[in-house]
Amino acid sequence: MTEFRSNGSSDFRLRASFVALLVLFAFGLLALRFFYLQVWKYYDFHALSEENRVALLPIQAPRGEIFDRNGNIIARNASAFALEIEPHKVPNLEETLQYLGTLIKLDELDLRRFRRLKNELRRFDTIPLRPTLNDAEVARIVVHLHRLPGVSVNVRSMRYYPHGDSSSHLLGHIGRISRQDRERIEQSELASTYYGTSHIGKLGLEQAYESDLRGQTGFDRMEITAGGRMVRSLAKRLPVSGKNLKLSVDGELQRIIEQAYGKRRGALVALDPKTGEVLAFVSMPNFNPALFIDGIDALTWDGLNNSPDKPLLNRPLRGTYPPGSTYKPFMAIAALESGLRKPEDTINDPGFFMFGNHKFRDSNPDGNGIVDLKKSIVVSSDTYYYILAKDMGVDLIHRHIEPWGFGRKTGIDLIGEVSGILPSSQWKLDRFKQPWHPGENMSIGIGQGYNSFSILQLALATATLANRGVMMKPRLVQSIEDPNTGEVVKTEPQTLRTLDVDQKAIDLVIEAMIDVNKSGTGARIFGNVPYSVAGKTGTAQVISIGQNEKYSASRVAERHRDHSLYIAFAPADKPQVALALIVENGGFGAAAAAPIARQVFDYLLIKKGLPVVQ
């Protein structure tokens with residue numbers, strides 16, 4: 001019996017020891033886990049805890065404002081009440097939209113934009129339904145917010161263009177950061193600077209000076225409950241406003257030019273020849289930049305994008321055209337510089353030029369009689385330049401015309417500039433795999449054929465001529481101001497190149513261009529002005545007509561009619577402004593384009609009081 005008890009006691013102790021070891025092992029595991037969580041992983045879990053307890057709310061930085069050369073604001077920020085929705089918090093989105101439609105007016109544009117943004121933005125993003133609300137609409141919505149989860153009325157800063165459509169191609173617009181924008185930003189060194197930013201410059205100055213205009217996002221570190229309710233602000237970093245731009249462009253002049261164009265299509269660029277400052281940069285028709293701020297809907301986009309008027313085309317920057325007879329002053333200098341012509345050399349202009357069996361007609365069917373170089377510009381003799389182009393050939397023309405900036409980008413401070421086409425035999429071989437034919441020279445000589453330049457290039461060449469061969473880089477921004485520090489950084493004039501051209505050749509051509517507006521094709525418009533103008537009219541064909549056919553605008557569809565061009569600078573002896581413009585399908589240059597140029601010169605030289613030569 002005693003032995004039995006001894007064996008039982010031993011078994012009990014064994015089991016007790018095993019349980020004790022098991023308990024100790026379990027507590028050891030708990031202790032290790034505790035050490036791992038509380039000590040080893042402390043910083044990781046502390047960060048997670050802080051994320052659950054603290055929300056980092058971005059504070060949008062005010063975008064920099066844009067002023068014209070006279071200090072008038074042309075792009076600024078404005079505060080407005082906005083109706084916004086967080087779709088992931090809305091139980092039934094369609095019912096919510098219908099209910100909101102009973103409280104305020106929601107048109108198809110609002111709904112189409114909202115649905116498009118919902119598909120494009122991230123799941124937790126807040127999406128604007130109505131970007132602006134008036135006080136009455138705010139009051140009607142606020143009293144119903146308790147039954148509208150995910151719906152909020154917030155004060156937001158929005159981009160505002162006080163002159164509406166005016167200067168839209170110059171200013172461009174901002175828009176919500178798209179997936180493509182975000183991917184590009186994340187691959188750049190600027191990714192951290194865009195955290196909390198919802199909009200980005202898309203076109204024009206808004207795009208080109210995005211890094212200056214954007215500013216730095218601020219943050220509000222808020223303590224929140226588990227249910228997401230904000231308790232208090234723990235820390236705040238205020239946003240830093242973007243920098244302001246002061247342009248060289250005159251806003252009032254912009255609107256005068258736009259009114260002069262009316263419903264016609266075209267482009268105008270005016271420059272200060274001495275500095276390269278852009279005084280006017282107009283593309284017609286305009287568009288409403290406010291349509292793009294929160295995303296344009298597909299229907300409105302299709303209407304703009306597919307319009308035959310091409311309102312989204314920045315014509316001075318991206319449109320290219322044959323220069324027509326505005327090319328002749330540069331051809332005349334090329335003739336003198338190449339040594340193939342002297343000022344006194346003459347030709348007989350019967351109103352046409354025969355090359356083989358092909359008849360190249362002059363714009364004056366009766367001819368201009370005996371024509372020397374100066375007269376060829378004053379009366380705009382096509383025949384003179386047909387013969388000149390035949391003698392020079394395309395490659396010699398290219399060699400002497402290219403330094404004037406044709407066929408190359410000007411370097412203006414905008415994104416998306418095109419190069420245009422200044423043809424050569426090698427260019428044609430590369431482009432079409434075909435040799436150059438001698439019969440193609442004649443059309444090149446009068447600014448037709450493959451010649452295709454932007455109005456910006458034509459304005460720069462005209463300004464270089466006015467500046468006696470010194471080419472200044474065109475620029476739109478006069479200075480950049482930091483509103484936080486008051487620091488102003490001015491944009492200094494930059495010389496692109498100085499042409500190696502005989503000043504006597506330049507003087508002769510300028511003298512002829514002055515006579516254009518005294519006794520030639522521009523005399524009707526500029527015959528009585530109180531300042532001297534050197535200019536040249538131009539008419540560029542849109543479609544080719546047969547050599548035996550006579551062009552008649554009345555028998556041609558409006559969009560197939562000739563373009564109207566004009567280049568000029570004034571005052572002629574001390575130029576303050578040089579310009580180039582086109583009125584698409586406007587016909588004769590003196591009829592459509594030159595009157596607009598007259599308004600530019602009258603404004604700058606008379607109203608604004610720049611030096612006037614009597």
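The values are calculated or read from the model by the stated rules, or taken from the named source; none is laboratory data. Please read all numbers here as calculations on a predicted model, not as lab measurements. Here the Cβ positions follow ideal geometry from the backbone for every residue, glycine too, while neighbour counts run over all protein chains shown. Just so you know, the surface numbers come from the protein's heavy atoms only, side chains and all, with ligands and any DNA or RNA stripped out. Shrake-Rupley method; radii C 1.70, N 1.55, O 1.52, S 1.80 Å.
Please give the charge dipole size of segment 103-228, origin at the Cα centre, charges +1 on K and R Cβ atoms and -1 on D and E Cβ atoms. Round to the nearest 20 debye. Each step should come with its number before you reach the end.
On the way: 20 positive and 17 negative charges, 109 e Å.
Dipole size: approximately 520 debye.
How large is the dipole of segment 410-489 about the Cα centre if only Lys and Arg carry +1 and Asp and Glu carry -1, each at its Cβ, rounded to the nearest 20 debye?
Its charge dipole is roughly 520 debye.
Take each of the peptides 12-21, 302-311, average the number of other beta-carbon atoms within 10 Å over its residues, and list them starting from the highest.
For the peptides 12-21, 302-311, the packing ranking is 302-311, 12-21.
Given segment 325-393, report the % of alpha carbon pairs whose separation exceeds 13 Å.
The calculated P(r) of segment 325-393 puts 60 percent of pairs beyond 13 Å.
Using a cut-off of 13 Å between beta-carbons, work out the net charge of the residues near Pro350 (Lys and Arg +1, Asp and Glu -1, Pro350 not included).
Around Pro350, the surrounding residues sum to -2.
Let a ≥ b ≥ c be the square roots of the eigenvalues of the Cα gyration tensor of segment 152-195; is it rounded (a/c under 1.5), or, if not, prolate (a/b larger than b/c) or oblate?
oblate
For segment 451-523, what is one quarter of the convex hull surface built on the Cα atoms, given in nm²?
Averaged projected area of segment 451-523's Cα convex hull equals 7.7 nm².
Sort all Cα-Cα distances of segment 354-496 into consecutive 10 angstrom bins from zero, then give the percent of pairs in each bin up to the one containing the longest distance.
P(r) for segment 354-496, in whole percents per bin: 10, 30, 30, 17, 7, 4, 1, 0.
From the mean inverse distance of alpha carbon pairs (Kirkwood) and the Cα radius of gyration, derive Rg over Rh for segment 447-489.
My calculation of the ratio gives 1.27.
One quarter of the convex hull surface, Cα atoms only: what value does that give for segment 113-213 in nm²?
Here the figure is 8.3 nm², rounded to one decimal.
Which log10 I(q)/I(0) values, to two decimals, does segment 206-318 give at q = 0.14, 0.18, 0.22 Å⁻¹ under the Debye formula with one point per Cα?
Here the Debye-derived log intensity ratios amount to -0.81, -1.08, -1.29.
Could you order peptides 284-290, 480-486 by the average number of other Cβ atoms within 10 Å of their residues, highest first? Mind dumping the intermediate values first?
Numbers: 284-290: 20.3, 480-486: 13.6.
Averaged packing, sorted descending, gives the order 284-290, 480-486.
If you wrap a convex hull around the Cα atoms of segment 553-592, how much volume per residue is inside, in Å³?
Normalising the Cα hull of segment 553-592 by residue number yields 49 Å³.
Add +1 for every Lys or Arg and -1 for every Asp or Glu among the other residues with Cβ under 12 Å from the Cβ of Pro575, and state the total. Before the final figure, lay out each step's value.
Details: positive: Lys274, Arg468, Lys574; negative: Asp272, Asp573.
Result for the local shell: +1.
What number, in percent, do you get for the relative contact order of the chain if the mean sequence gap of Cα pairs under 8 Å and at least 6 apart is divided by its residue count?
14
Identify, among Ala298, Val151, Pro91, the residue whose Cα sits farthest towards the positive end of the charge dipole of the chain, taking +1 on the Cβ of Lys and Arg and -1 on the Cβ of Asp and Glu, with the dipole about the Cα centre.
Pro91
Could you calculate the FRET efficiency of Asp345 with Arg431 from 1/(1 + (r/R0)^6), where r is the beta carbon distance between them and R0 is 30 Å, rounded to 0.05?
The calculated FRET efficiency here is 0.35.
Please list, in chain and number order, the residues 5+ apart from Asp349 or on another chain whose amide H is under 5 Å from its amide H, with Hs placed from the backbone.
Close amide H contacts, sequence-distant or interchain: Asn368, Gly369, Ile370, Val371.
Holding the Cα-Cα limit at 26 Å, pick out from Lys105/Lys243; Lys574/Lys608; Lys89/Lys202; Lys310/Lys473; Lys202/Lys274; Lys274/Lys342 the pairs that are longer than that.
Lys105/Lys243; Lys89/Lys202; Lys310/Lys473; Lys202/Lys274; Lys274/Lys342, as the Cα separations exceed 26 Å there.
Find, to one decimal place in angstroms, the Kirkwood hydrodynamic radius of segment 329-437, where the mean of 1/r is taken over every pair of different Cα atoms and then inverted.
15.6
Say R0 is 22 Å: what FRET efficiency, to the nearest 0.05, do Gln98 and His144 get from their beta-carbon distance?
Efficiency for this residue pair is about 0.95.
Could you compute the net charge surrounding Lys375? Neighbours are other residues with a C-beta less than 12 Å from the C-beta of Lys375; K and R count +1, D and E count -1.
In short, -4.
Roll a 1.4 Å probe over the protein heavy atoms and report the accessible area of Phe67 in Å², nearest 10.
Per-residue accessible area (Phe67): approximately 50 Å².
Can you tell which of Thr275, Pro128, Ile256 lies farthest toward the positive end of the dipole of the chain, using +1 and -1 charges on the Cβ of basic and acidic side chains (Lys, Arg; Asp, Glu)?
In the chain, that residue is Pro128.
Rg and Dmax of segment 381-454, using alpha carbons, in Å: what are they?
13.1, 40
Could you tell me the largest-minus-smallest coordinate of the C-alpha atoms of segment 256-314 on each of the three principal axes, in descending order and whole angstroms?
Sorted from largest, the Cα extents of segment 256-314 read 45, 25, 16 Å.
How big is the dipole moment of the chain about its Cα centre under a simple scheme where the beta carbon of each Lys and Arg is +1, that of each Asp and Glu is -1, and everything else is neutral? Debye, nearest 20, please.
Numbers: 75 positive and 67 negative charges, 214 e Å.
Using only the charged Cβ atoms, the result is roughly 1020 debye.
So how compact is segment 124-176: Cα radius of gyration and Dmax in angstrom?
15.1, 45
Determine the relative contact order of segment 105-228: mean sequence separation of Cα pairs under 8 Å and six or more apart, normalised by residue count, in whole percent. Show your work: numbers first, answer last.
Values: 73 pairs, mean separation 24.4, N = 124.
This gives 20 percent for segment 105-228.
Would you be so kind as to identify which of Pro322, Gly339, Phe355 lies farthest towards the positive end of the dipole of segment 318-372, taking Lys and Arg as +1 and Asp and Glu as -1 on Cβ and the Cα centre as origin?
The residue sitting most towards the positive pole is Pro322.
Give the Rg (one decimal place) followed by the Dmax (whole number) of the chain, computed from C-alpha coordinates and expressed in Å.
Spelled out, the Cα radius of gyration and Dmax of the chain are 35.0, 152 Å.
By a straight-distance test (C-alpha under 16 Å), which lysines pair with Lys536 as possible cross-link partners, with residues fewer than eight away in the same chain excluded?
Lys328, Lys374, Lys375, Lys518
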